[in-house]
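The next block holds one structure in the form of C-alpha cells; read it before the comments.
The values are calculated or read from the model by the stated rules, or taken from the named source; none is laboratory data. Worth saying up front: this structure is predicted, and the values here are computed from it rather than measured. Backbone-built Cβ (ideal geometry, glycine too); neighbour counts: all protein chains shown. Just so you know, the surface numbers come from the protein's heavy atoms only, side chains and all, with ligands and any DNA or RNA stripped out. Shrake-Rupley method; radii C 1.70, N 1.55, O 1.52, S 1.80 Å.
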Amino acid sequence: MIRYTLHILTLITVLCDQLIASDPPKRKTKTDVVKTNFEVGGGLMGSVLYLSRNIQEDNDALGYTIVANYGGHKLLRYSIQYTYYKPINIEPTWYTIRANTFEFNTEILARFPNNKTYLYPFLGLSYNTFRGYFTGQNDYLNLREQFKANTTIKNNWLGLNLGTGFEHAFGPVVIFFDYRMRVGRERGWSFNIMDVCYGGGLRVKLFMPTFKSIFHGWRNRYGRV
C-alpha cells in the first residue's frame with residue numbers, strides 16, 4: 001500500500017511540474033521596471049538672431065543643434081537643447097556676430113492614431129549669448145547710448161520659449177521639425193520677441209527605466225520591502 005501511495009505522489013508531482021512549466025507568463029506588476037523613451041539627436045536651426053537688431057532681410061543665421069529628450073509614455077516630455085550659430089554680419093552696424101543658445105523645454109504630446117506621429121506644443125526657458133563687433137554706423141536703434149562704437153559687445157539674456165513641433169518615427173529613428181519664438185527683456189523692463197527660429201533633424205529613440213521605477217527599485221533594495 002505504501003509503495004502504491006508513493007507512486008501516486010510521484011505521478012502527481014510530475015504532473016504539477018508540467019503544469020507549472022506550461023503556464024503563460026505572468027502579467028507585469030507595478031513593481032516591475034517600467035521603461036520610457038530617451039532620444040538623442042541633432043539637426044539644423046535657422047534664426048533671425050536678435051530680431052530687433054537684425055534689420056536686414058534674408059539674413060538668418062544657420063545653426064547646428066543637438067537635442068535630448070526624456071519621456072513620451074505619458075502626456076509630458078522634457079528636452080534639453082544646445083545650438084551653435086555660424087557667424088553672420090549685420091552690415092554696416094555689426095560684424096562677426098557669434099551666438100549660441102542653451103534651452104530646457106516641457107513638451108505636451110498630442111498623439112496621432114498611428115502612435116508614431118506626434119504634435120508637441122512646448123514651453124521653456126533659454127539662455128542666449130550674442131557677441132559681435134559694433135561699429136556704430138547706421139545705428140537706427142541708438143545703441144551708441146549703451147555701447148561704445150568700434151568695440152566688441154557681448155550680451156547674455158534669458159528667454160521664454162514658445163513654440164510647437166512635429167515628429168514622425170520610423171522605428172527607432174525619429175524625424176522632427178519645430179518652430180519657436182523667444183521672448184526676452186532687451187532694455188529696461190520692456191519684453192519683446194527677441195528671436196524667431198525654425199529647425200529640424202533626426203533623433204534616435206532608446207529605452208530606459210523611468211525615474212519612478214528606478215527610485216522604487218532603490219527603495220526596495222535599501223530599506224523598504
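The conditions are (1) more than 23 Å from residue 181 (Cα to Cα); (2) open to solvent by 10 Å² or more (accessible area, probe 1.4 Å), and residue 104 fails exactly one of them. Which is it?
Among (1) more than 23 Å from residue 181 (Cα to Cα); (2) open to solvent by 10 Å² or more (accessible area, probe 1.4 Å), the lone unmet condition for residue 104 is (1).
Give the residues of segment 63-96 that are in contact with a Phe, Trp or Tyr (Cβ under 7 Å, 6 or more places away or on another chain) and either open to solvent by 20 Å² or more (accessible area, probe 1.4 Å) or acidic (Asp, Glu) (or both), sorted by residue number.
Of everything in segment 63-96, those that are in contact with a Phe, Trp or Tyr (Cβ under 7 Å, 6 or more places away or on another chain) and either open to solvent by 20 Å² or more (accessible area, probe 1.4 Å) or acidic (Asp, Glu) (or both) turn out to be 64, 66, 70, 78, 80, 82, 84, 89, 95, 96.
Considering only segment 152-177, how many residues are more than 25 Å from residue 89 (Cα to Cα), of a type in the set (Val, Ile, Thr) and open to solvent by 30 Å² or more (accessible area, probe 1.4 Å)?
Summing the residues that are more than 25 Å from residue 89 (Cα to Cα), of a type in the set (Val, Ile, Thr) and open to solvent by 30 Å² or more (accessible area, probe 1.4 Å) in segment 152-177 gives 3.
Name, by its number, the condition in (1) open to solvent by 30 Å² or more (accessible area, probe 1.4 Å); (2) among the aromatic types (Phe, Trp, Tyr); (3) in contact with a Gly (Cβ under 6 Å, 6 or more places away or on another chain) that does not hold for residue 122.
(1)
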